[in-house]
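These notes concern the structure reproduced below.
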Amino acid sequence: MIDSIFGKLNKKEPTFAVVDMNGIRLKISITVATFEKLPSIGASVELKTYLHVREDILALYGFADDTERDVFLKLISVSGIGPRSGIAILSGATPQDFKKRIIAEDVKSLTVIPGIGPKTAKRIILELKEKFVDEDVDISNLIGGEQTSGEIKDVIQALLSLGYKRGQINEALKKVKDTDGLEGSVEELIKKALSKM
């Protein structure tokens with residue numbers, strides 16, 4: 001997968017951006033939120049990306065940050081929601097607002113977003129609520145300084161990718177904090193957390 005694109009911003013519209021990478025210009029579909037964060041034409045820009053491949057389509061989608069891309073990836077995992085719908089939906093709400101609406105099971109406010117009817121809203125809530133609730137578990141009691149915050153997030157990401165649930169990870173990290181403290185490299189913290197699983 002192409003994780004991100006870095007180059008000079010050649011053109012920008014509310015629905016797409018063109019990024020020049022040493023003479024190769026890529027057209028990338030974007031959300032309105034990402035459009036608003038783009039620099040001026042000619043400036044350097046980096047977009048987090050998702051490459052959608054089908055036998056008749058090769059489309060690149062871009063996001064201002066990992067949070068927006070993460071919500072987008074979860075959204076397109078819902079049956080019946082494709083990348084174009086995902087971009088349209090995220091253009092109607094910030095990732096944070098969208099998550100809040102899902103967690104609150106607010107069907108009415110979801111249907112205000114273009115592309116979401118009542119049935120689709122209910123399906124999105126059903127499939128995504130638990131994932132967003134798990135993500136929103138407050139780990140501020142685990143976190144000390146700015147550096148630790150980044151390290152803890154890296155540890156959580158690594159353990160999630162290994163298939164552990166967010167609740168299990170939080171419990172393990174609380175045990176690590178209570179016994180050893182959250183000191184050490186990301187690798188050491190992962191090993192300590194795994195020993196507490």
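Tabulated data
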| quantity | calculated |
| --- | --- |
| Gain upon complete extension [residue 111, residue 175; 0.36 nm per residue less C-alpha separation] | 18.9 nm |
| Where only C-alpha atoms are counted, convex hull volume of segment 66-135 per residue in Å³ | 71 |
| Neighbour-count order for 161, 85, fewest beta carbons within 10 angstrom listed first | 161, 85 |
| Pairwise Cα inverse-distance average, inverted: Kirkwood Rh of segment 4-63 (Å) | 11.4 |
| Unsatisfied cross-links (Cα-Cα over 21 Å) in the set 153/175; 99/119; 100/177; 153/174 | 100/177 |
| In order through segment 7-18: 3J(HN,Hα) via Karplus (6.51 cos²θ - 1.76 cosθ + 1.60), integer Hz, x for Gly, Pro | x, 9, 6, 9, 7, 9, 9, x, 10, 7, 9, 10 |
| Amide N proximity, segment 98-118 versus residue 32 label position 7 Å along Cα-to-Cβ, cut-off under 15 Å | 98, 110-116 |
| P(r) tail fraction, the chain - alpha-carbon pairs more than 24 Å apart, % | 51 |
| Footprinting exposure proxy for 61, 50 (fewest neighbouring C-beta atoms within 10 Å first) | 50, 61 |
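FYI, it's all coordinate maths here, none of it is from the lab. The shown structure was predicted, so the numbers you read here are calculated from the model rather than taken from an experiment. Counting neighbours? That spans all protein chains shown, and the Cβs are built from the backbone with ideal geometry, glycine included.
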